[in-house]
Amino acid sequence: MAKSKTKRKTNRAAVFLGVVVVLGLMLGVMIQLTLAANEQRQRWQAGERLARAMSATAVQTLEARHKLEEESVRAAKLALTGQPDARTALRAQEQPELLILVNPWNALPEDYDPQLQQVGREFGTDYMMDLRCADKLEQMIADCREGGGHPWICSAYRTQKNQQDLFDNKVLRVILEGNSAEEAPDIAATAVARPGTSEHQLGMAVDIIDEYYAILDEGQEETATQNWLMENCWRYGFILRYPNGTTDITGIIYEPWHYRYVGERYAKEITDLGVTLEEYLQMRRGR
Ligand SMILES: [Zn+2]
């Protein structure tokens with residue numbers, strides 16, 4: 001019996017040990033599971049945080065994009081309603097009235113009545129110019145002096161009577177030079193425009209001479225004044241109106257002293273193209 005008692009004791013111990021081992025194993029598994037779950041949860045939480053952060057960024061990006069879109073829509077609307085676009089701005093720069101052509105074949109409109117402005121006395125004696133270019137003329141003369149020239153205005157705006165007197169005077173001189181009274185007006189007209197056909201009557205033409213060379217002949221082109229003016233006049237909206245070798249086109253002799261205002265835009269184009277006003281107008285008509 002004692003043997004049997006001992007055997008039972010051994011059996012119980014074995015069962016106990018077994019239970020302990022099983023419990024231990026279960027505990028181990030549970031710990032593992034808990035750890036894994038924890039890790040999973042942590043990973044989850046990190047993922048969630050990341051996702052939340054990402055969605056916040058996405059929302060911000062989206063908001064920013066909307067704002068940009070709204071702004072560009074507003075800008076586009078503004079451009080459509082109030083602000084002129086580039087083409088309109090370019091068209092606004094067009095001032096074809098500044099290109100008015102007055103030459104032997106195109107008389108001044110009879111009702112032409114320019115708005116005039118006195119030109120500074122320090123630049124000449126009592127001269128008037130169209131008020132669209134009087135200030136620019138003064139600036140050009142002042143800058144020419146700065147640039148080493150000695151410009152002096154010897155003619156600007158002329159009334160019909162001024163032009164008539166000048167023309168009659170020229171006819172007389174031509175006759176005194178030995179020409180017949182019959183042919184004298186035609187000869188005179190190549191140097192002094194017939195009344196009604198002079199650009200000076202526009203108020204947009206000016207004769208500028210060098211103070212140290214006060215003669216209206218081709219020698220003017222050699223002076224520091226004309227060198228500077230021919231080079232820079234376009235910057236102020238003026239062109240040398242009767243360049244050398246263009247008498248057939250302009251009807252007027254070479255006059256390296258007569259400048260005509262056409263505005264900066266056209267003056268630059270005409271200068272770049274190297275053409276006369278007559279040719280430029282022809283080109284514009286062909287465009
Ligand atoms: Zn002139």
Some residue of the stretch 180-200 being open to solvent by less than 70 Å² (accessible area, probe 1.4 Å), within 13 Å of the ligand (Cβ to nearest atom) and outside any loop (DSSP other than H, G, I, E, B): yes
Members of the stretch 201-222 found to be within 24 Å of PRO114 (Cβ to Cβ) and either of a type outside the set (Val, Ile, Thr) or away from the ligand (no atom under 14 Å from the Cβ) (or both), listed by number: GLN201, LEU202, GLY203, MET204, ALA205, ASP207, LEU216
Any chance GLY274 is more than 16 Å from the ligand (Cβ to nearest atom), of a type outside the set (Asp, Glu), farther than 15 Å from SER155 by Cβ and over 20 Å from the mean Cα position of the chain (by Cα): yes
Meets criteria (assigned by TED's automatic domain parsing to the domain that holds CYS154 and within 12 Å of the ligand (Cβ to nearest atom)) for THR225: no
Matching residues in the stretch 255-271 - criterion: being among the aliphatic types (A, V, I, L, M) and either away from the ligand (no atom under 16 Å from the Cβ) or open to solvent by 30 Å² or more (accessible area, probe 1.4 Å) (or both): ALA267, ILE270
So TYR242, is it crowded, with 21+ Cβ neighbours inside 10 Å and in contact (Cβ under 8 Å) with a residue 12 or more places away in the chain: yes
Residue in the stretch 247-254 that is assigned by TED's automatic domain parsing to the domain that holds ASP272, open to solvent by less than 30 Å² (accessible area, probe 1.4 Å), at pLDDT 95 or above and within 14 Å of the ligand (Cβ to nearest atom) present: yes
Pairs, first touching a residue at least 40 places away in the same chain (Cβ under 8 Å) in the stretch 160-179, second surrounded by 14 or more Cβ atoms within 10 Å (Cβ to Cβ) and outside any helix (DSSP H, G or I), C-beta under 9 Å, six or more apart: GLN160/LEU108; GLN160/PRO195; GLN160/GLY196
Qualifying residues in the stretch 99-132 (those that are open to solvent by less than 50 Å² (accessible area, probe 1.4 Å) and hydrophobic (A, V, I, L, M, F, W, C)) - the one modelled with the lowest pLDDT: PHE123
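Could you list, in sequence order, all residues of the stretch 153-179 that are outside any helix (DSSP H, G or I) and surrounded by 12 or more Cβ atoms within 10 Å (Cβ to Cβ)?
Selection gives ILE153, CYS154, SER155, ALA156, TYR157, ARG158, THR159, ASN179.
The values are calculated or read from the model by the stated rules, or taken from the named source; none is laboratory data. Model, not experiment: these values are computed from the prediction. Neighbour counts run over all protein chains shown; Cβ positions are idealised from the backbone, glycine included. For accessibility, only protein heavy atoms count, side chains too; no ligands or nucleic acids. Shrake-Rupley method; radii C 1.70, N 1.55, O 1.52, S 1.80 Å.
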